[in-house]
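**Q** Below is the structure I would like to discuss, written out as structure tokens.
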Amino acid sequence: MKKTIAVLGSTGSIGVQSLDVALKSGYTVDAVTANRNFKKTEEQIRQFKPRFAALSDPAAAAELRLRVRDTSTKVYSGDEGICMCAAQTDADTVIDSIVGLAGLRPALTVLESNKTLALANKEALVAGGNLVLDKAKKSGKPILPVDSEHSAIFQCLEGKPSNKALKKIILTASGGPFFGKTRDELKNVTARDALKHPNWDMGAKITIDSASMFNKGLELIEAHFLFGIAPEKIDILVHRESIIHSMVEYDDNSVIAQLGLPDMRIPIQYALTYPERYTSPVGELDLSEIGRLTFYKPDYEVFDCLGICREAIIKGGLFPAAVNSANEEANRLFREGKIGFLDLGRLIRTAFSVTPDKKDYTLEDVYEIDKAARRAVIESI
């Protein structure tokens with residue numbers, strides 16, 4: 001199947017793997033965007049020859065423009081430049097794998113431009129869920145989940161015209177590098193310790209979120225918006241092997257699961273080929289070699305970020321956006337060695353005190369609470 005795609009966040013882990021899928025599948029790549037990695041973006045431009053590219057950092061974009069002036073690729077700069085790529089591309093599907101709140105506006109632009117959005121950016125739905133869903137409804141285009149967990153749920157629900165018989169969703173979590181640890185044992189862990197994920201190869205920010213299990217809290221909120229299910233009907237189960245990517249349970253207590261090797265190229269490819277399935281770029285799952293699968297309840301006391309996220313989505317409105325921004329700031333501070341691992345939950349919770357209780361909100365409201373939540377974290381150190 002000949003297809004044209006665009007990759008927003010092309011130099012990150014998901015972006016690189018998306019381009020690998022595109023290469024193996026023979027897809028045309030019409031646009032690539034990144035933050036400031038002009039060297040990697042130049043390599044991608046020379047390999048895939050996209051019509052458009054953008055870097056959010058203006059200085060890096062200027063450097064990239066000089067480096068690829070012998071090509072036909074038009075290079076934009078800044079956040080507006082990324083949105084211009086999203087709007088102008090002829091891609092059938094646009095993958096949004098930008099990390100953090102920065103992925104929200106491009107996601108909205110993709111939907112406004114009547115293109116299919118393959119969403120690998122959790123924060124777009126977490127911070128602007130109602131805004132994104134409203135744009136998707138108006139565009140008539142589906143939001144195709146790229147996260148392995150949400151892709152798994154999407155696949156488990158396939159062929160079922162409604163969710164009336166859906167009892168609950170079960171999100172699986174690897175538990176990260178600190179599974180089984182007590183709070184006392186986590187007092188002195190460093191970012192270097194937290195970056196040692198047992199199963200997945202991800203970027204630094206997401207890997208730290210996995211260690212604190214905030215990432216699973218984001219996925220809970222995202223599942224609420226993607227599948228229209230109440231937060232209390234979303235369970236989390238620690239599954240160390242990362243073979244079962246998530247499950248759904250129906251009213252008759254039947255449970256359907258999606259299994260596969262822990263490789264993001266599987267859900268990336270499915271988002272690009274949906275509703276068809278094609279030969280996998282990943283090896284076959286051999287359960288006899290895996291041997292056994294284990295399951296545990298998450299420890300909400302040790303990993304308090306989970307409870308904070310659940311509380312935020314129950315409150316609704318701008319609260320998910322607030323805790324997301326507070327986490328982005330706290331995560332950065334932890335990676336820079338300025339706070340301890342156990343400070344993450346305490347600092348993220350400060351966002352609740354600065355969040356107005358309003359159910360209807362605008363994009364401007366989201367960016368205002370982003371600033372307020374980040375200030376609250378800095379002032380609480």
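The values are calculated or read from the model by the stated rules, or taken from the named source; none is laboratory data. Given the structure is predicted, the values throughout are model-derived calculations rather than measurements. Neighbour counts are summed over all protein chains in view; Cβ atoms, including those assigned to glycine, are modelled from backbone coordinates with ideal geometry. Side chains included, ligands, DNA and RNA excluded: accessible areas come from the protein's heavy atoms. Shrake-Rupley method; radii C 1.70, N 1.55, O 1.52, S 1.80 Å.
**Q** Which one of 107, 31 is touching a Phe, Trp or Tyr at 6+ places or on another chain (Cβ under 6 Å) and at pLDDT 95 or above?
**A** 31
**Q** Go through the range 351-381 and report how many residues are closer than 16 Å to residue 313 by Cα, of a type outside the set (Val, Ile, Thr) and in a loop (DSSP other than H, G, I, E, B).
**A** 6
**Q** So which residues in the range 351-381 are under 30 Å from residue 184 (Cα atoms) and either among the hydrophobic types (A, V, I, L, M, F, W, C) or in contact with a strand residue (DSSP E or B) (Cβ under 6 Å, 6 or more places away or on another chain) (or both)? Even if it seems obvious, please write down each step before you answer.
**A** Start the filter on the range 351-381 by keeping residues that are under 30 Å from residue 184 (Cα atoms), which leaves 351-354, 373-381.
The answer is 351, 352, 354, 373, 376, 377, 378, 381.
**Q** Right, something else. Pick out the one residue from 268, 348 that is touching a strand residue (DSSP E or B) at 6+ places or on another chain (Cβ under 9 Å), open to solvent by less than 70 Å² (accessible area, probe 1.4 Å) and assigned to a helix (DSSP H, G or I).
**A** 268
**Q** Let me ask something else. Please verify whether the range 162-174 includes one or more residues that are in a loop (DSSP other than H, G, I, E, B), under 26 Å from residue 257 (Cβ atoms), open to solvent by 20 Å² or more (accessible area, probe 1.4 Å) and of a type in the set (A, V, I, L, M, F, W, C).
**A** yes
**Q** Still on this structure, I have one more. Are there any pairs with C-beta distances below 8 angstrom linking a residue in the range 358-381 that is closer than 16 Å to residue 333 by Cβ to a residue that is part of a loop (DSSP other than H, G, I, E, B), with the two at least 6 apart or on different chains, and if so which?
**A** 373/355; 381/338; 381/339
**Q** Which of (1) farther than 16 Å from residue 176 by Cα; (2) free of Cβ contacts under 8 Å to residues at least 40 places away in the same chain is the odd one out, the single condition residue 248 does not satisfy?
**A** Just one mismatch for residue 248, condition (2).
**Q** Hey, can you tell me all the residues within the range 269-301 that are in contact with a helix residue (DSSP H, G or I) (Cβ under 9 Å, 6 or more places away or on another chain) and of a type in the set (A, V, I, L, M)?
**A** 271, 272, 282, 293
**Q** Here are some conditions: (1) part of a loop (DSSP other than H, G, I, E, B); (2) buried (at least 20 other Cβ atoms within 10 Å of the Cβ). Residue 149 meets all but one. Which one does it not meet?
**A** Of everything listed in (1) part of a loop (DSSP other than H, G, I, E, B); (2) buried (at least 20 other Cβ atoms within 10 Å of the Cβ), residue 149 misses just condition (1).
**Q** Name the single residue that is least open to solvent (accessible area, probe 1.4 Å) among those in the range 1-40 being among the small types (Gly, Ala, Ser), outside any strand (DSSP E or B) and in contact with an Asp or Glu (Cβ under 9 Å, 6 or more places away or on another chain).
**A** Checked the range 1-40; the qualifying residue least open to solvent (accessible area, probe 1.4 Å) is 9.
**Q** Any residue in the range 248-256 that is in contact with a helix residue (DSSP H, G or I) (Cβ under 6 Å, 6 or more places away or on another chain) and of a type outside the set (Asp, Glu)?
**A** yes
**Q** Moving to a separate point now. Can you pull out the helices (runs of 4 or more DSSP H) entirely within the range 41-139 that have at least 2 residues that are among the charged types (D, E, K, R) and farther than 22 Å from residue 318 by Cα? Spell out how you get there, then give the answer.
**A** Values: elements: 58-67, 78-88, 104-112, 122-139.
Answer list for the range 41-139: 58-67, 78-88.
**Q** How many residues does the range 51-100 hold that are in contact (Cβ under 8 Å) with a residue 40 or more places away in the chain, out of contact with any helix residue (DSSP H, G or I) (no Cβ under 7 Å at 6 or more places or on another chain) and open to solvent by 20 Å² or more (accessible area, probe 1.4 Å)?
**A** Looking only at that region, the number is 3.
**Q** Within the range 271-282, count every residue that is open to solvent by 50 Å² or more (accessible area, probe 1.4 Å) and either part of a helix (DSSP H, G or I) or among the small types (Gly, Ala, Ser) (or both). Write out each step before concluding.
**A** Of the range 271-282, the ones open to solvent by 50 Å² or more (accessible area, probe 1.4 Å) are 274-280.
Narrowing the set further to residues that are either part of a helix (DSSP H, G or I) or among the small types (Gly, Ala, Ser) (or both) leaves 280.
Going through the range 271-282 one residue at a time, the tally reaches 1.
**Q** Also, I was wondering about something else. For the structure I just gave you, tell me whether residue 322 is small (Gly, Ala, Ser), free of Cβ contacts under 8 Å to residues at least 40 places away in the same chain and surrounded by 20 or more Cβ atoms within 10 Å (Cβ to Cβ).
**A** Numbers: small (Gly, Ala, Ser): yes; free of Cβ contacts under 8 Å to residues at least 40 places away in the same chain: no; surrounded by 20 or more Cβ atoms within 10 Å (Cβ to Cβ): yes.
Against the criterion (small (Gly, Ala, Ser), free of Cβ contacts under 8 Å to residues at least 40 places away in the same chain and surrounded by 20 or more Cβ atoms within 10 Å (Cβ to Cβ)), residue 322 does not qualify.
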